[in-house]
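Worksheet: the structure to be examined is printed underneath.
Computed from the coordinates by the stated procedures, all read-outs in this text should not be read as laboratory data. Bear in mind that the values here come from a model prediction, so they are computed numbers and not experimental data. Reconstructed Cβ throughout: ideal geometry from the backbone, glycine too, with neighbour counts over all protein chains shown.
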Amino acid sequence: MKSLLKTLGLVLVVLFLVSCAARIVNTVAHLEPVPTKAEVHESFSAEELGQGGALFTNNCDKCHKLFEPESRDAEKWNEVLKRMIPKAKLNYEEGKLVRAYIIAHSE
Ligand code: HEC
């Protein structure tokens, strides 16, 4: 009985770690190459960029002031977004739109 509980505990710990790891690498910033400003404007409509802007202003000032998109270049933003998209609990599509909006207005 004791060893059964131990095994169960171990399985739960492993599942927890796997789900954490999956969440950490599961954003657009980890999985898709960083587009340039020009590429963003080619592949996203004005409407999509507007949605990204709304997601940015509604989700990215919950823990700190809103950092201006012009404050960083696309590569720097991508590094930051690897940490902030999970913090803001954005899904994959939302992360994609926010990254596009920020890069469109980046340094
Ligand atoms: C749950 C709280 C939380 C949310 C939501 C959040 N952030 Fe942050 N942010 C932090 C914390 C904590 C730090 C400082 C630690 C760090 O840099 O990881 C930070 C730091 C930053 C920095 C400075 C990092 C650097 O290295 O220059 C930027 C830029 C930033 N956040 C942008 C964003 C954007 C964009 C969003 C929305 C997608 C966002 N944050 C959502 C908590 C949050």
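The table below lists the values:
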read-out: Binned Cα-Cα distances of the chain, short to long, each 5 Å bin given as a whole percent; value: 2, 12, 20, 21, 15, 7, 5, 5, 4, 3, 3, 1, 0
read-out: Ellipsoid equivalent to the stretch 55-107 - semi-axes via the Cα gyration tensor, in Å; value: 15, 12, 10
read-out: Under 12 Å, Cβ to Cβ, from Leu81 - net charge with Lys/Arg +1 and Asp/Glu -1; value: +3
read-out: Kyte-Doolittle mean at least 0.5, axial Cα span of 15 Å or more - DSSP H helices of the chain; value: 2-24
read-out: Where labels lie 7 Å past Cα in the beta-carbon direction, separation of Asp61 and Glu79 in nm; value: 2.7 nm
read-out: Rel. contact order, % - alpha carbon contacts under 8 angstrom, at least six apart, the stretch 2-104; value: 46 percent
read-out: Cα-centred dipole magnitude for the chain, charges only on beta-carbon of K, R (+1) and D, E (-1), debye, nearest 20; value: 960 debye
